[in-house]
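Remarks on the structure that follows.
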Ligand SMILES: [Ca+2]
Ligand SMILES: [Ca+2]
Ligand SMILES: [Ca+2]
Ligand SMILES: [Ca+2]
Ligand SMILES: [Zn+2]
């Protein structure tokens, strides 16, 4: 890397601080720290500027970005029509004792009730602001979701029930909050998973220069200018501006390999996570992005092949249950041109082998999204997952016909696959088909798993199944099993509860980043087939770096059982830069993680590190530094 001349002046001051940091940094998401080497530098750094809000009237803002009801999938799996009723809900925020009830909207002395009536409030953001006494250090913020249910004759009685609630404490010096949600917690920062709702939110304070890095942090920790917007400036030239690096705990003044860093192993490098920040990307939590386009109607008895909202919600929920955030653009208001929700020309049968998907992939799927999103086309006939271009498995075609007026078609689908032609049945069936292909794109297929329950066509038909099949693979309750793909009771992958050899825990093989890599794997036979046990510690070559067994051991001793993709464990490999004089801009240490699962051998760059004079690994931690200063 190089530093532009102008910027050198700017980072001069902060280098002092940063140098101190590198030798004292630790891991935040582990509760224990490595032996800390205090350095004189850290002790002689500039005296603290204790002011909190000298440039601006102090105030705190709570943004409620999205509230999603989690219950729909349970209703979809139950006979009846309960799935048709959308929930009605509102929120109550409490900021330092000041309560705001979102449903009561008062205008001209009259109060009317305004409530959400949807499964998912995505793109209906709300913002609550509160004035705070100058120099107050923290604010306590509680958010509660209230659901309104109806009862009695014609539903005339209503009842407001408290569903989910969380409290966090916001720190005006650091801009971080903690409590029921905190930085690098297990389910994501600015995210709360309740029993009934999941909630995305953000908290910040009124900020003079609009980069939302607090004055105190700019002056005392970063050494940036509290009057200059740092949301676009990139002093270390690594492609990611200061504000994002600060938010997610990277050093804004040290070049990071963000093009390759993928700490959550979801296949989105940090540059891509940065690009997707507006759409809920968290670099430490796995995200799956799908763009969905669909074919228009095929004739008077063939309505458009849309993605049902209920189907979408079911899919999102299944992944949410495993701490994977699935985001589906089927018509986002601020997506790029050619984004999701486009109506495609109707083609009755899309052939996988003749590559007919290329016409959609080239002209309806924006290039800027390739490598970040997977692309799903919902059509009339056929279903598969196949590369559209090159050998990247990022494209899926799913088909269904929702017409009730096609009795033969419906009978055929029921006898063969168990598809029930009701509105509810269609929604579950479509979701199951999509989940089936999604699982393939996350490394789960028969070959990778060495497991015969997946895509096995010997099941016979749904109404007349092969008895031998039912007795064996029938134990595998997964949409990957053709016996259950269309079953209106399944809509899930297996959790492996029936044990081997005829069941497997699909979720335990979920490698989200797989769709980026599967074409070019490093062929190294080091797994014992079927057991998932590592036989030979794998090393691979990366340019300018060499595998270091001692440092790898040191790192594993330090990190213990922690995995960036729980509950799946990972193998670690630590690599050291060969020649620091030749490549002074490169990080000295690169740490790679490899999912400890049978379905992949991919190594992914997890983080950079440095070495101190004793050969001990050192990690940059912004939050540790802030913590030291605030104590
Ligand atoms: Ca600034
Ligand atoms: Ca940067
Ligand atoms: Ca990532
Ligand atoms: Ca599109
Ligand atoms: Zn059609």
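Things to note:
- Once divided by 2.2 N^0.38 Å, the Cα radius of gyration of the range 304-396 becomes 1.10.
- Binned Cα-Cα distance frequencies in the range 545-614 - 5 Å width, integer %: 3, 16, 26, 25, 15, 9, 5, 2, 0
- Long-range tail of P(r) for the range 362-417 (Cα pairs > 19 Å, %): 43 percent
- In degrees, nearest ten, helix 5-24 long axis to first principal axis of the chain (Cα): 80 degrees
- Between 0 and 90°, nearest 10: helix 549-559 axis offset from the chain longest Cα axis: 80 degrees
- Cα-projected label distance for residue 178 with residue 225, points at 7 Å along beta-carbon direction, nm: 3.3 nm
- Relative protection proxy for 341-350, 221-230, 288-297, from highest mean packing down: 288-297, 221-230, 341-350 (other beta-carbon atoms within 10 angstrom).
- The distance between label points at residue 613 and residue 489 comes to 7.0 nm (points 7 Å beyond Cα on the Cα→Cβ vector).
- Separation of alpha-carbon centers, the range 199-274 and the range 64-110, rounded to whole Å: 33 Å
- When you count the other C-beta atoms within 10 angstrom of each residue and take the mean per peptide, 548-555, 153-160, 377-384, 450-457 line up highest first as 377-384, 450-457, 548-555, 153-160.
- Highest-first packing order for the peptide set 90-102, 351-363, 428-440, 237-249 is 428-440, 237-249, 90-102, 351-363, based on the mean count of other beta carbon atoms within 10 Å.
- Rounded to the nearest 0.05, the FRET efficiency derived from the C-beta distance between residue 334 and residue 196 at R0 = 25 Å is 0.35.
- If you bin all the Cα-Cα distances of the range 57-173 at 5 Å, starting from zero, the percentages per bin are 2, 9, 16, 19, 18, 14, 10, 6, 3, 2, 1, 0.
- Contour excess over end-to-end distance, with Cα ends at residue 409 and residue 156 and 0.36 nm allotted per residue: 86.8 nm
- Full extension of the chain between residue 110 and residue 348 gives 80.2 nm of extra length, using 0.36 nm per residue less the Cα-Cα distance.
- Alpha-carbon geometry of the range 108-151: the Rg and the Dmax are 15.8, 48 Å, given in that order.
- Normalised per residue, the volume of the convex hull around the Cα set of the range 85-128 (Å³): 92 Å³
- Summarising the label geometry, the points placed 7 Å from Cα in the beta-carbon direction at residue 75 and residue 561 lie 3.9 nm from one another.
- Length available on full extension from residue 386 to residue 368: 0.36 nm per residue minus the Cα-Cα distance, which gives 4.5 nm.
- Only helices enter this figure: runs of n ≥ 4 DSSP H residues, each worth -39500 (n - 2.57), summed and divided by the residues of the chain, yield -5500 deg cm²/dmol at 222 nm to the nearest 500.
- The C-alpha atoms of the chain occupy a region whose extents along the principal axes are 82, 73, 44 Å, arranged from largest to smallest.
- Pairs of Cα atoms farther than 16 Å apart, the range 143-190, %: 57 percent
- Calculated log₁₀ intensity ratio I(q)/I(0) where the Debye formula runs over C-alpha points of the range 245-303, q = 0.15, 0.22, 0.23 Å⁻¹: -0.52, -0.86, -0.92
- Helix 309-320 axis, angle to the chain major axis (alpha carbon atoms, nearest 10°): 50 degrees
- Here r is the Cβ-Cβ distance between residue 96 and residue 468 and R0 is 60 Å; the resulting FRET efficiency, rounded to 0.05, is 0.35.
- Share of Cα-Cα pairs in the range 155-268 lying beyond 23 Å, as whole percent: 44 percent
Read the figures in this text as sums done on the coordinates, not as results from a lab. Fair warning: this is a prediction, and the values are worked out from it, not measured in the lab. Every residue, glycine among them, receives a Cβ derived from its backbone with ideal geometry; neighbour counts consider all protein chains shown.
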